[in-house]
1. Ratio of alpha-carbon Rg to the 2.2 N^0.38 Å globular estimate for the chain, to two decimals, please.
2. Tell me, what ³J(HN,Hα) does each residue in region 48-53 have, in order and in whole Hz, if you take phi through Karplus 6.51 cos²θ - 1.76 cosθ + 1.60 with θ = phi - 60° and put x for Gly and Pro?
3. Name the residue farthest towards the positive end of the dipole of the chain from the options LEU133, LEU45, GLN94, assuming +1 on Cβ of Lys and Arg, -1 on Cβ of Asp and Glu, about the Cα centre.
4. Hey, what do the phi angles of region 54-60 turn into as Karplus ³J(HN,Hα) couplings, whole Hz, using 6.51/-1.76/1.60 and θ = phi - 60°, x for Gly and Pro?
5. Keeping all protein chains in place and using 1.4 angstrom, which order do LYS66, LYS2 fall into by accessible surface area, from largest down?
6. Tally up the carbon and sulfur contribution to the accessible surface of region 39-85 as a whole percent, 1.4 Å probe, everything protein left in place.
7. Return the sequence-ordered ³J(HN,Hα) values of region 120-134 in whole Hz as given by the Karplus equation 6.51 cos²θ - 1.76 cosθ + 1.60 applied to θ = phi - 60°, using x for Gly and Pro.
8. From the P(r) of region 4-61, can you give the percent of Cα pairs sitting at distances over 19 Å?
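The values are calculated or read from the model by the stated rules, or taken from the named source; none is laboratory data. Worth saying up front: this structure is predicted, and the values here are computed from it rather than measured. All Cβ positions, even for glycine, are placed from backbone atoms using ideal geometry, and neighbour counts span all protein chains on display. The accessibility values were calculated without ligands, DNA or RNA, using every heavy atom of the protein model including side chains. Shrake-Rupley method; radii C 1.70, N 1.55, O 1.52, S 1.80 Å.
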Amino acid sequence: MKWAALIAWVITAGGGFILLSIWLARGGMRQERESGARIRPPVILGHFLLAATGLVLWIVYLADDKDTLAWIAFVLLLVVALLGFTMFAIWLQQRQRAAGAGETAAPDEPPAQNFPVPIVVLHGLLAATTLVLVFLAAVGVGGS
């Protein structure tokens, strides 16, 4: 179970890295001062840094087999998931607003609106899978 969690986490991180790269390339860091509902730098960077920290802790857990590390990684992953749901809600709201207005591309379009839908969906599904697998491994299902 713990190895399946690692694989899911790494694939999820790959999708997240693609989304972060798009956000940065489209000027995500510059939107701090812009008005409206947008995915702000502290949220997306916090999501990334906490997820990366949790992944490192999970790898250390795999090497040391200390249950405390598994639970710390799980709690970090819960916070990452909350930030992820927050960003998904903002992204979805922006998409629905743009679709309702019939917009194709506005000059002030939020960078997150350039995210490919399949990557967003896959990232979210894999993230949920990772959360479940990490929890199951932490409670000892499919033990070592």
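1. Details: Rg = 16.7 Å, N = 144, 2.2 N^0.38 = 14.5 Å.
Against the compact-globule rule of thumb, the ratio is 1.15.
2. Calculated HN-Hα couplings, in order: 5, 5, 5, 5, 5, 4 Hz.
3. GLN94
4. Residue by residue, region 54-60 yields x, 5, 4, 4, 5, 5, 5 Hz.
5. Numbers: LYS66 115, LYS2 30 Å².
Of LYS66, LYS2, the descending order of accessible area is LYS66, LYS2.
6. Values: 1950 of 2450 Å².
Carbon plus sulfur share of accessible area: 79 percent.
7. For region 120-134, the Karplus curve yields 4, 5, 4, 4, x, 5, 5, 5, 5, 4, 4, 4, 5, 5, 5 Hz.
8. Numbers: 603 of 1653 pairs.
Value for region 4-61: 36 percent of Cα pairs lie more than 19 Å apart.
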